[in-house]
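Structure, as structure tokens:
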Amino acid sequence: MINFEFVRTSTVKNAIAALSKTPGAQFIAGGTNLVDLMKKGVAAPKRLIDINSLPLRDITSDSKGILIGALALNSEVAEHPLIKNKLSLLAKALDAGASAQLRNMATIGGNILQRTRCSYFNDSTMPCNKREPGSGCGAKNGYHRMHAVFGASDKCIAVHPSDMCVALAALDAVVHTAGPKGERKVLFADFHRLPGDNPELDHHLQPGELITGIYVPANSFNKQHYLKIRDRASYAFALVSVAVALEVTDGIIKNAKLSMGGVAHKPWRLISTEQFLVGKAASKETFTEAAAVAMTGAVGLTHNRFKIKMGKAAVREALLQAIR
Ligand SMILES: Cc1cc2nc3c(=O)[nH]c(=O)nc-3n(C[C@H](O)[C@H](O)[C@H](O)COP(=O)(O)OP(=O)(O)OC[C@H]3O[C@@H](n4cnc5c(N)ncnc54)[C@H](O)[C@@H]3O)c2cc1C
């Protein structure tokens, strides 16, 4: 048995101080990812800091956007009238994740920082550069059906598993953090990392930092959709997913934001596709061409090559469903 210390805090200041005090300490929110990793021997924090009593659960809005507290539950956010009315893409993405029971435990901050579902990462008997730098990538020459077709490196081909993060990337959300050096705001698209030579690092959170909330700027997207393709209709991670936010006036696309899940180490923004779409008619023909742009540069391996064709079909279908 591995022993660890468990402490509860009720202020942001104390939570940050408690984390800094012990090397190897970690925050715990809903525990739906961290506890699993501890049981598998993938994570072994020396100290767990329970942050569930911090005052970070509110969802508030002003004319400029919506602020979601880091401890708001995935289910609460998906059901909140502000989110359902103004950010239906986010509500749909949250509802597509996990199961009702998990969504009732999982928090927004924890969802952002959940670790990859790569089976080599999650099995401590296997080589994995993300879990144990320098040990190799078991997936690359192993079974990699769920793995990345964009942005992978020689060291890691894992994908980020979150649905919610794909929507937040498309919505140009901003991550609010607090840490020993003060508060920061990080654009969602810049928050997670590609694996490069340091796949053990998932994101750009600084040591000792706490996510306090997510800010989603107000937008004029009148067509939004989240499409998730998976092996089962529920309780399965995405093979490929697509978040679409469009502003369409008189049949013409005025603004477009798209991102994909299940294809890269981070939510994959489709910037070239967005640029391609703006100014064009919101039509089947445009969307077919846009889907080809979206998957340009994708690189498949033996078992995940199907994702390139699937990704193309998913982008086209997500765009079509958005304007329906
Ligand atoms: C069977 C199963 C199926 C799932 N299916 C899906 C799915 O289809 N789609 C999907 O998107 N997700 C899925 N999930 C993942 C689920 O959404 C995450 O486990 C959950 O969102 C994590 O939130 P949590 O609050 O429980 O995090 P925790 O497990 O408490 O924490 C996760 C990590 O985040 C850190 N952390 C938590 N909060 C903060 C904070 N505020 N600041 C800094 N660090 C913090 C912790 O230290 C830890 O490292 C699934 C999970 C399970 C177990």
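Coordinate-derived values only; no laboratory data. Computed from a prediction, not measured in an experiment: that's the story for all the values here. So basically every Cβ, Gly included, is an ideal-geometry build from the backbone, and we count neighbours across all protein chains shown.
Summary of values
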quantity	calculated
3J(HN,Hα) from dihedral phi, region 210-226, Karplus parametrisation 6.51/-1.76/1.60, rounded to Hz, x for glycine, proline	10, 7, 9, x, 10, 10, 10, x, 4, 9, 10, 6, 9, 9, 9, 7, 10
Cα-based shape type of region 49-163, given that a ≥ b ≥ c are square roots of the gyration tensor eigenvalues and the cut on a/c is 1.5	prolate
Paramagnetic label zone (point 7 Å from Cα along Cα-to-C-beta, residue 11; backbone N under 16 Å) in region 191-209	none
Cα-based shape type of region 187-292, given that a ≥ b ≥ c are square roots of the gyration tensor eigenvalues and the cut on a/c is 1.5	prolate
Karplus 3J(HN,Hα) series, Hz, for region 148-165 with 6.51 cos²θ - 1.76 cosθ + 1.60 (x for Gly, Pro)	6, 10, 10, x, 6, 10, 4, 8, 7, 10, 6, 10, 6, x, 6, 7, 3, 5
Whole-Å distance, taken between Cα centres, linking region 1-71 and region 73-142	16
Residue order, fewest to most beta carbons within 10 Å, for 5, 209	5, 209
Mean Kyte hydropathy of -1.0 or more with a Cα span along the axis of at least 20 Å, helices from DSSP in the chain	306-323
Interchain or long-range residues, amide H under 5 Å from residue 65's placed H	218
Order of 105, 164 - criterion: other Cβ atoms within 10 Å of each residue's Cβ, fewest first	105, 164
Residue-by-residue Karplus 3J(HN,Hα) for region 197-207, coefficients 6.51, -1.76, 1.60, Hz, glycine and proline x	8, 10, x, 5, 9, 8, 7, 9, 5, 7, x
Amide N proximity, region 90-121 versus residue 236 label position 7 Å along Cα-to-Cβ, cut-off under 11 Å	none
Placed amide H near residue 269: partners under 5 Å, 5+ positions off or other chain	260
Cα gyration tensor shape for region 91-142, rounded if a/c is under 1.5, else prolate or oblate	prolate
Amide H partners (placed H, <5 Å) of residue 151, local residues excluded	none
Two-site label geometry, residue 201 and residue 104: point separation in nm, points 7 Å out along Cα→Cβ	4.0
22 Å Cα-Cα reach of residue 46 towards lysines, excluding residues that sit fewer than 8 places from it in its own chain	13, 21, 130
Ranked 88, 61, criterion: other C-beta atoms within 10 Å, fewest first	61, 88
Relative contact order of the chain, defined on C-alpha pairs under 8 angstrom at six or more residues apart (%)	16
